[in-house]
Amino acid sequence: MPMTALMPVYPRCGVRPVRGEGAYLFGEDGTRYLDFAAGIAVNALGHGHPALSKAIAEQAATLMHVSNLYGSPQGEKFAQRLVNATFADTVFFTNSGAEAVECAIKTARRYHFANGHPERTDLITFDTAFHGRTLGTISATNQPKMRDGFEPLLPGFKYAQFDDLDGALALIDGHTAGFLVEPIQGEGGIRPASHEFLTGLRKACDEHGLLLVLDEVQCGYGRTGKMFAHELYGITPDIMAVAKAIGGGFPLGACLATEEAAKGMVAGTHGSTYGGNPLAMAAGEAVLDVIQGEGFLANVEAMGARLRGALEQMIPNYDHLFHSVRGHGLMVGLKLKSDSRRFVAFLRDEHQLLTVSAGDNVVRILPPLNIDESHVTEFVEKLLVAARVYVPAMDE
């Protein structure tokens, strides 16, 4: 067979969405799906949110793109809002999470270069991490499924076990620039770091003059019920990559940094053709308006607690199928005792319920952040119906 027009790098399923409304997607055949995948944590406000749609339409009719060689009143305004809301002093806008992580890596290396230590290039990263699909970001993980066939990869990374503080500290040497870590691993299976682990990394960075670089592309921007996941741990990073929810579905990412950490990022050291364009900034501002609205994050916490409580109550009745629940807010992982990918497909194809599989046989539950009780109830009811009739494969 000839290769398809769309490069066949995705094993695409039979769901073919053509329209979205709130927490629902509609296929080209009219089938309605409850979307608790949200574009893998991207559609923070669901589908067709009026404020986001309006902002994009109005900006598209006014000005979509100009070169970053010119001043950016739109970028300056949105960057200042992010600075006001976070630990950061400065922001670089990107088009994706992978680009935000790439900028974070460059910022960390350039910091030591500016300090007269060009040998300090290595970032310590962690097993089962996912930081993106560029050559730089796949070099930052030790997972063969993302690395095989793309060698030679970039040097400058060492790998420790996630949540093993002693193992990570043992890798520090004269070439270490810092740590690159997800506070809660997403693709790895909704694995929250322990308090001791993240606070230990922060302490080690302070003691050794290293940088703590957080990847909050999936776990950040309200997903946990806090604006950023590191707030759950009472720490702040030096550099942080964000994306996904920041644009609510519009391609947008950002690298945030303190003034000290970004000291080496001077004119000419980095750039992006599309990053921070006026259309992206309009989308970002509209999303931030809603997320910073009164009660928004409290609703994420409340809906997350309601969802997690219902799942925990359900597990003992289906202990042949479910193992445990983990995560924070509306970043929930349901660990199975069999293949999660097969169960995700069953939920999708037989019960019109969209979730996402992850490592460690986990079903990721990542709904829009503005869901209400009715959506949680519908999700749990559909899941219960599916669990009653689901039969794991004989070889599982």
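Ordering P237, A37, G309 by Cα displacement along the dipole of the chain toward the positive end leaves A37 in first place; charges were set at the Cβ atoms of Lys, Arg (+1) and Asp, Glu (-1). For region 216-316, a crude dipole built from +1 on the beta carbon of Lys and Arg and -1 on the beta carbon of Asp and Glu, taken about the Cα centre, is about 300 debye to the nearest 20.
All C-alpha to C-alpha distances of the chain, sorted into 20 Å bins beginning at zero, yield P(r) values of 27, 58, 15, 0 percent in whole numbers. Free of any chymotrypsin sites (Phe, Trp or Tyr not before Pro) that DSSP assigns to a loop and that have at most 13 other C-beta atoms within 10 Å, the longest stretch within the chain is 151-396.
How about region 1-81: which GluC sites (Glu not before Pro) there are in a DSSP loop, with at most 13 other Cβ atoms within 10 Å of their Cβ? It would help to have the intermediate numbers written out before the result.
Numbers: sites: E21, E28, E58, E76; in loops: E28.
Those satisfying the criteria are E28.
Along the chain, the exposed loop sites are trypsin sites (Lys or Arg not before Pro) outside DSSP states H, G, I, E and B with at most 16 other Cβ atoms within 10 Å, and the longest stretch free of them is 134-262. What you get for region 63-291, charging only the Cβ of Lys and Arg (+1) and of Asp and Glu (-1), is a dipole of about 460 debye around the Cα centre. Sequence-ordered 3J(HN,Hα) estimates for region 95-102 from the Karplus curve with 6.51, -1.76 and 1.60 and θ = phi - 60° stand at 9, 7, x, 4, 5, 5, 5, 4 Hz, glycine and proline given as x.
Taking every DSSP helix (H) stretch of at least 4 residues in the chain, weighting each as -39,500 (n - 2.57) and dividing the sum by the residue count yields a mean residue ellipticity at 222 nm of -10500 deg cm²/dmol. Taking label positions 7 Å along the Cα-Cβ direction at both E76 and A393, the computed distance is 5.8 nm, reported to one decimal.
Coupling constants for region 323-340 follow from the phi torsions by the Karplus curve (6.51 cos²θ - 1.76 cosθ + 1.60, θ = phi - 60°), and in residue order they are 9, 6, 10, 8, x, 9, x, 9, 10, 10, x, 10, 7, 9, 9, 9, 5, 5 Hz; glycine and proline get x. In this simple spin-label approximation, T134 and H175 carry label points 7 Å from Cα along the Cα→Cβ vector, and these lie 2.2 nm apart. Which angle between 0 and 90 degrees, to the nearest 10, do you get for helix 373-389 versus the longest principal axis of the chain when only C-alpha atoms count? So the inclination is approximately 60 degrees.
Against the main long axis of the alpha-carbon atoms of the chain, helix 296-314 sits at an angle near 50°.
Around E76, under 15 Å between beta carbons, what's the net of Lys plus Arg minus Asp minus Glu among the other residues?
Values: positive: K77, R81; negative: D89, E285.
Net local charge, E76 excluded: 0.
Lysine pair count for the chain with Cα-Cα distance under 23 Å and sequence separation of 8 or more or different chains is 19. Taking amide H as placed 1.01 Å from N in the peptide plane, L45 has its amide H under 5 Å from the amide H of L369, each at least 5 places away in sequence or on another chain. The spacing between region 57-90 and region 287-329, judged by their C-alpha centroids, is 33 Å. For a 4.7 Å threshold on C-beta separation, the list of partnerless cysteines in the chain reads C13, C205, C219.
Ordering Q218, Y111, A298 by the projection of their Cα atoms onto the charge dipole of the chain, which places +1 on the Cβ of Lys and Arg and -1 on the Cβ of Asp and Glu, puts Q218 at the extreme positive end. Proximity of backbone amide H atoms, modeled 1.01 Å from N, is registered between L211 and G178, F179 at under 5 Å, excluding neighbours fewer than 5 places apart on the same chain.
So which GluC sites (Glu not before Pro) in region 224-288 are both in a DSSP loop and have at most 15 other Cβ atoms within 10 Å of their Cβ?
Working: sites: E231, E259, E260, E285; in loops: E259, E260.
Sparse-neighbourhood loop GluC sites (Glu not before Pro): E259, E260.
Å³ per residue of the Cα convex hull, for region 63-291?
Working: hull volume 27.7 nm³, N = 229.
Enclosed volume per residue, from the Cα hull, is 121 Å³.
Under 5 Å between amide hydrogens, built in the peptide plane, is the criterion, and for G327 it picks out G333 among residues at least 5 positions away or on other chains. Each residue of region 117-122 was assigned a 3J(HN,Hα) from its phi angle through the Karplus curve 6.51 cos²θ - 1.76 cosθ + 1.60 (θ = phi - 60°); the sequence is 10, x, 6, 8, 10, 7 Hz, with glycine and proline shown as x.
Values quoted throughout were computed directly from the atomic coordinates according to the rules given, and no laboratory measurement underlies them. The shown structure was predicted, so the numbers you read here are calculated from the model rather than taken from an experiment. Methodologically, a virtual Cβ is constructed for each residue, glycine included, from the backbone with ideal geometry; neighbour enumeration extends over all protein chains shown.
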